[in-house]
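Structure record follows, encoded as structure tokens.
Each reported figure results from applying straightforward, stated rules to the coordinates on display, with no laboratory input. If you're wondering where the values come from, they're calculated on a predicted model, not measured in any experiment. Neighbour counts are summed over all protein chains in view; Cβ atoms, including those assigned to glycine, are modelled from backbone coordinates with ideal geometry.
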Amino acid sequence: MPTSFVRRVPKSLLDRLAIAIGVRLQRRHGAISRASLPRFATAAPGLVLQLPCELRHPERIHLGRDVKIGPNSVLKLITVYPRAWMRHPDGDHVEQTFDPQLHIGDRVTASSALHLIVYDHVSIEDDVLLAGNVYISDGSHAIVRGDRPYKYQGIERVAPVRVGRGAWLGQNVVVLPGVTIGAYAVVGANAVVTRDVPAGSVAVGTPARVVRRWDAESETWVRPAAEPHHGDATEVAVDSEVRAP
């Protein structure tokens with residue numbers, strides 16, 4: 001296009017043209033992304049899966065409607081352990097097989113870098129909110145011996161994990177095997193969840209402990225009865241945990 005012609009075109013028209021091209025390219029990118037999705041166990045209508053994303057055995061992943069999984073996420077369903085790079089060169093390692101299933105409910109939102117490692121069963125129910133870098137696994141590397149590499153000792157403590165409807169897991173939360181997080185529970189940032197979190201409660205810390213529960217009668221957050229009161233400073237800190245896990 002001649003330079004003299006570009007100079008004569010109003011800037012507002014060039015801006016509109018650039019926007020139109022950008023919108024068209026975005027639509028084309030979306031169509032390509034949808035066409036390249038793997039075959040999941042369910043149809044997954046309305047799925048948004050932002051790249052990059054690592055998926056292992058998507059045919060075992062059951063997705064609800066309008067699920068959004070942000071970039072840099074890893075959803076690994078492990079059927080055989082170990083894979084090649086985890087095997088001892090002389091065969092001195094534990095070999096195991098698993099039958100994993102992952103269920104993610106309707107309208108689950110994971111902002112980025114979600115890590116799900118599944119050996120048995122992980123269930124994330126409807127309307128769960130997952131902040132960045134949440135890690136959930138229903139199995140752990142065995143520590144049978146303290147005198148040999150743990151990568152060769154296999155997987156132990158395999159037990160299902162469930163995150164209840166409407167729960168909110170904050171940044172960098174780690175959920176360990178066998179844990180149930182109840183409906184509408186909140187888990188604060190950087191918490192390590194080693195045991196069940198009751199429905200309608202707020203848990204923080206490492207290991208996570210309950211510091212608030214929802215009282216349906218008064219419709220307010222209250223301190224658990226067994227938790228001693230430590231003054232206004234603690235009150236402010238806990239309230240900030242509730243607002244921003």
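Remarks
- Under 13 Å, Cβ to Cβ, from Asp196 - net charge with Lys/Arg +1 and Asp/Glu -1: +3
- Distances between placed amide hydrogens fall under 5 Å for Gln101 paired with Asp120, His121, Val122, all partners being 5 or more residues away or on another chain.
- Spin-label model, Glu95/Thr194: points 7 Å from Cα along the beta carbon direction are separated by 3.5 nm.
- Scanning residues 5 or more positions from Val175 or on other chains, those with amide H under 5 Å from its amide H are Tyr135, Ile136, Ser137, Val193, with H placed 1.01 Å from N in the peptide plane.
- Contact order relative to length of region 99-158, as percent, for alpha carbon pairs under 8 angstrom and 6 or more apart: 31 percent
- Ordered by the number of other Cβ atoms lying within 10 Å of each residue's own Cβ, fewest first, Leu77, Leu55 fall into the sequence Leu55, Leu77.
- A simple packing score, the average count of other Cβ atoms within 10 Å per residue, orders the peptides 150-158, 78-86, 167-175, 214-222 as 167-175, 150-158, 78-86, 214-222, with the highest score first.
- Among beta bridges that DSSP assigns inside region 41-243, antiparallel share in %, nearest 5: 20 percent
- Annotation: amide H of Asp66 within the under-5 Å range of Gly46, Leu47, Arg107, sequence separation 5 or more or interchain, hydrogens built in the peptide plane.
- Karplus-derived 3J(HN,Hα) values for region 62-73, using 6.51 cos²θ - 1.76 cosθ + 1.60 with θ = phi - 60°, are 9, 10, x, 7, 6, 7, 10, 10, x, x, 6, 8 Hz; glycine and proline are entered as x.
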